[in-house]
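Novice: Pasting in a structure now, in structure tokens, and then I'll have a few things to ask.
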Amino acid sequence: MTENENTPDPALQEPTPAPESSTLKDDLTFATAPNILTTSRVVFVPIVIALLFRRTPFMDFFAALAFTIAAITDYFDGYLARKQNSESVFGKLMDPLADKFLVVSALCMLQELGRIHPVVVILLICREMAITGLRALASSEGLIIGASNSAKWKTATQMTAIPFLMLKRDVLGIPVYEIGQALLYISLAISLWSAKDYIVEFFRAIRKKRQRKKEARLARKLQSKSKR
């Protein structure tokens, strides 16, 4: 980590009260364009799996196309939520889950087809489970873990690699399968690196929070003694 110890990490911080003008909805509002796009990624999961199950180059192409369309919605739901100032609790909860459903399902199916090594899938899934657990633990401590830049690069690299792995065959002389393999291993490296970042920042934030609590208790004791 190159950041100063006293500089708060934007991906891991204590929640602050939202200003009165904020439009972040405190309910599970669904009927917004960003949330519909987010949910559509989950709808695409069985479509992609069904197409891959046909095990033909023609269906592989449509599986890659369907996955690509679903992946593109990951950009537009966030863009629309910011532009329309319509971020919601549903969107914040469902957006990362929809990404995981889409990516993990595709990875498992590609492993079943023998296109990626099972160890890669195991490492990626274990990483996702570990970070999800870390987020839950952070929440119990009153901390919020947002997506780091490295995690965003990880997701982008995975979503680029997977359609190439689905196509498998060369396209216009371009070895798309080999490119997909290379991108997947790059995403694995980024994934493990970003997990390390999350863990380091989590424990750093926990130490800072507990230190502040200790200082606050000491200050109250000193104030109480001074009044006697």
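The values are calculated or read from the model by the stated rules, or taken from the named source; none is laboratory data. None of the values given here were measured: they were computed from a predicted structure. Every residue, glycine among them, receives a Cβ derived from its backbone with ideal geometry; neighbour counts consider all protein chains shown.
Novice: Out of ARG204, ARG127, which single residue is touching an Asp or Glu at 6+ places or on another chain (Cβ under 8 Å), farther than 25 Å from LEU51 by Cβ and of a type in the set (Lys, Arg)? Outline the logic, then answer.
Specialist: Values: ARG127 fails: touching an Asp or Glu at 6+ places or on another chain (Cβ under 8 Å).
Sole residue among the options that is touching an Asp or Glu at 6+ places or on another chain (Cβ under 8 Å), farther than 25 Å from LEU51 by Cβ and of a type in the set (Lys, Arg): ARG204.
Novice: Looking only at residues that are among the aliphatic types (A, V, I, L, M) and either exposed (fewer than 10 other Cβ atoms within 10 Å of the Cβ) or over 30 Å from ARG115 (Cα atoms) (or both) in the stretch 191-228, which one is modelled with the highest pLDDT?
Specialist: Narrowing the stretch 191-228 to residues among the aliphatic types (A, V, I, L, M): 192, 195, 199-200, 205-206, 216, 218-219, 222.
With either exposed (fewer than 10 other Cβ atoms within 10 Å of the Cβ) or over 30 Å from ARG115 (Cα atoms) (or both) added as a condition, the list becomes 199-200, 205-206, 216, 218-219, 222.
Numbers: ILE199: 86, VAL200: 83, ALA205: 78, ILE206: 82, ALA216: 78, LEU218: 78, ALA219: 76, LEU222: 75.
That would be ILE199.
Yes or no, residue by residue, for (1) surrounded by 14 or more Cβ atoms within 10 Å (Cβ to Cβ); (2) at positive phi; (3) in a helix (DSSP H, G or I); (4) not aliphatic (A, V, I, L, M):
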site	(1), (2), (3), (4)
ILE116	yes, no, no, no
VAL121	yes, no, yes, no
ALA138	yes, no, yes, no
THR155	yes, no, yes, yes
PHE164	yes, no, yes, yes
TYR177	yes, no, yes, yes
ALA189	no, no, yes, no
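Novice: Here are some residues: PHE76, PHE67. Which one is touching a residue at least 12 places away in the same chain (Cβ under 8 Å), more than 21 Å from GLU178 (Cα to Cα) and among the aromatic types (Phe, Trp, Tyr)? Break it down stepwise before answering.
Specialist: Working: PHE67 fails: more than 21 Å from GLU178 (Cα to Cα).
Only one candidate passes the filter, namely PHE76.
Novice: Restricting the first residue to the stretch 206-217 and requiring it to be touching a residue at least 12 places away in the same chain (Cβ under 8 Å), which pairs with a second residue that is assigned to a helix (DSSP H, G or I) and not basic (Lys, Arg) meet a Cβ separation below 9 Å and a spacing of at least six or different chains?
Specialist: Filtered contacts from the stretch 206-217: ILE206/ALA138.
Novice: Could you please give the count of residues in the stretch 110-149 that are touching a Lys or Arg at 6+ places or on another chain (Cβ under 6 Å) and modelled with pLDDT of 85 or more?
Specialist: Start the filter on the stretch 110-149 by keeping residues that are touching a Lys or Arg at 6+ places or on another chain (Cβ under 6 Å), which leaves 128, 145.
Next, from what is left, pick out any that are modelled with pLDDT of 85 or more: 128.
Total satisfying the criteria: 1.
Novice: Take the residues of the stretch 77-109 that are among the polar types (S, T, N, Q) and modelled with pLDDT under 85: which is nearest to the chain's Cα centre (by Cα)? It would help to see each step written out before you state the result.
Specialist: Keep residues of the stretch 77-109 that are among the polar types (S, T, N, Q), which gives 84-86, 88, 105.
Pick out the ones that are also modelled with pLDDT under 85 and you get 84-86, 88.
Working: GLN84: 22, ASN85: 21, SER86: 20, SER88: 17 Å.
Across the stretch 77-109, the extreme among qualifying residues is SER88.
Novice: Please work out if LEU137 is touching a residue at least 24 places away in the same chain (Cβ under 8 Å), of a type in the set (A, V, I, L, M) and farther than 18 Å from LEU107 by Cβ.
Specialist: Values: touching a residue at least 24 places away in the same chain (Cβ under 8 Å): yes; of a type in the set (A, V, I, L, M): yes; farther than 18 Å from LEU107 by Cβ: yes.
When the stated conditions are applied, LEU137 passes them.
Novice: Residues that are of a type in the set (Ser, Thr, Tyr), under 29 Å from THR73 (Cα atoms) and touching a strand residue (DSSP E or B) at 6+ places or on another chain (Cβ under 8 Å): does the stretch 187-208 have at least one? Lay out the reasoning, then the answer.
Specialist: Just the residues of the stretch 187-208 that are of a type in the set (Ser, Thr, Tyr), to begin with: 187, 191, 194, 198.
Checking which are under 29 Å from THR73 (Cα atoms) leaves us with 187, 191, 194, 198.
If we keep only those that are touching a strand residue (DSSP E or B) at 6+ places or on another chain (Cβ under 8 Å) too, we end up with 198.
Among the residues of the stretch 187-208, at least one is of a type in the set (Ser, Thr, Tyr), under 29 Å from THR73 (Cα atoms) and touching a strand residue (DSSP E or B) at 6+ places or on another chain (Cβ under 8 Å), which makes the answer yes.
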